Amino acid sequence: MKRGKNVKNASGKTSWKVGQSDIAEIKRIATSFLYEAVVENTSIPFAAHHPFFDSTWLLYEDQIVNIMDNEEAFLAICRKREEQIWKINEVELFFGLITKPFRLLFLKETKEFMTQKDFSESLKFVWTSCEDPNQDPYVDVDTIISWFYESDKNFLMGKEELAVFHQFPEEINIYRGVAVYRNPDGISWTMDSKTAEWFAHRFDTGKQHGYVRTGMIDKRHILAYFDERGEKEIVIDRNYLRDYR
């Protein structure tokens, strides 16, 4: 799968598309993702690791077939999905088709063809919909931090979220619930200690337990505030986290 680069101008800033995003180019990239080989997820029965399909078993000609064993079925299903792709005319709708493990990668590959508005809205959707963006295998955390700096806050957050964001004090106490096998140095934090506790312990086992980190961050290093799911999530530039433990 190809790896694209952001377009930068002489000042090192992203040169955003003016007017409208290049939907045709995004469709071509989506189509290239579609025809990637299906990889079986051996840790979960019948699960697939693919940009468009979560399962190795899909409906084909009124039957459930294993697309790992039936190339004809796989290609026919892909052609139908490709028809869907080419009917899309709004950037965010592409991300609804892409499976969660590949959304950050798709954003990385299509970013240079977007307006800043479409990119900012897409970044929010991808960030809040992915299960574990803090340790994504395709896009590292420092790249994601740079994306938040590049985004337009007016489109990255909803009106209520933006109002809270602007009213933050100059420094704020924050918490991060670090669950078993999760990245302790992630950039997702919260203002709410109970929320952090829930995230910390949701994957606890008899022998392994998560924990809560605490810290201070200055307002100018808060990258976004999201609360659509009631989590009071604060996305931070971790390079400026203070007094953390």
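Computed from the coordinates by the stated procedures, all read-outs in this text should not be read as laboratory data. Source: prediction; values computed, not measured. Glycine gets a Cβ as well: all are built from the backbone with ideal geometry, and neighbour counts include every protein chain shown.
Measuring from label point to label point, each 7 Å out along Cα→Cβ, what is the residue 92 to residue 194 span in nm?
About 2.9 nm, to one decimal.
Can you give me the span-like helices of the chain, meaning DSSP H runs with 15 Å or more of Cα extent along the axis and Kyte-Doolittle mean at or above -0.5? If you can, show how the numbers build up before the last one.
Numbers: long enough: 23-34 (16 Å, 0.86); 71-85 (20 Å, -0.58); 116-129 (19 Å, -0.62).
Both cut-offs are met by 23-34.
Kindly flag which residue pairs out of 87/111; 87/219; 153/207; 117/194; 100/159 have an alpha-carbon separation exceeding 30 Å in this structure.
Numbers: 87/111 20 Å; 87/219 42 Å; 153/207 42 Å; 117/194 33 Å; 100/159 26 Å.
The answer is 87/219; 153/207; 117/194.
Going Cα to Cα from residue 27, which aspartates and glutamates come in below 14 Å? Please leave out same-chain ones fewer than 8 positions away.
Leaving aside aspartates and glutamates fewer than 8 places away in the same chain, those within reach of residue 27 are 82, 83, 90, 92, 109, 112.
Loop only per DSSP, at most 11 neighbouring Cβ atoms within 10 Å: give me the trypsin sites (Lys or Arg not before Pro) in segment 80-161, ordered by residue number. Can you show the working numbers first?
Values: sites: 80, 81, 87, 103, 108, 111, 117, 124, 153, 159; in loops: 87.
Those that pass, being in a loop and sparsely packed, are 87.
Put a dot 7 Å past each Cα toward the Cβ at residue 168 and residue 132; how far apart are the dots in nm?
Here the answer is 2.6 nm between the modelled labels.
In segment 85-228, what is the volume of the convex hull around the alpha carbon atoms, normalised per residue and reported in Å³? The partial results should precede the final answer.
Numbers: hull volume 17.0 nm³, N = 144.
Taking only Cα atoms, segment 85-228 has a hull volume of 118 Å³ per residue.
Assuming a ≥ b ≥ c are the square roots of the Cα gyration tensor eigenvalues, decide whether the chain counts as rounded (a/c under 1.5), prolate (otherwise, with a/b larger than b/c) or oblate.
Numbers: a/c = 2.37, a/b = 1.35, b/c = 1.75.
It is oblate, given that a/c is not under 1.5 and a/b is not larger than b/c.
Take 160, 131, 231 and order them by how many other Cβ atoms sit within 10 Å, fewest up front. Before the final figure, lay out the partial values.
Values: 160 11, 131 7, 231 17.
The fewest-first ordering by Cβ neighbours comes to 131, 160, 231.
Name the chymotrypsin sites (Phe, Trp or Tyr not before Pro) in segment 163-245 that are in a loop by DSSP and that have at most 16 other C-beta atoms within 10 Å, would you? Show your work: numbers first, answer last.
Working: sites: 165, 175, 181, 189, 198, 199, 203, 211, 225, 226, 240, 244; in loops: 181, 203, 244.
The qualifying sites are 181, 203, 244.
So the label point goes 7 Å from the Cα of residue 41 along Cα→C-beta, right? Which residues of segment 91-127 then have their backbone N under 13 Å from it?
99-103
Assigning unit charges at the beta carbon (Lys, Arg +1; Asp, Glu -1) and nothing else, what dipole magnitude in debye, to the nearest 20, does segment 159-240 show about its Cα centre? Could the numbers behind the result be given before it?
Values: 12 positive and 14 negative charges, 65 e Å.
It comes to approximately 320 debye.
If the elastic network links every pair of Cα atoms under 10 Å, which of 212, 18, 38 fluctuates the most in the Gaussian network model of the chain?
Among 212, 18, 38, the largest mean-square fluctuation in the Gaussian network model of the chain belongs to 18.
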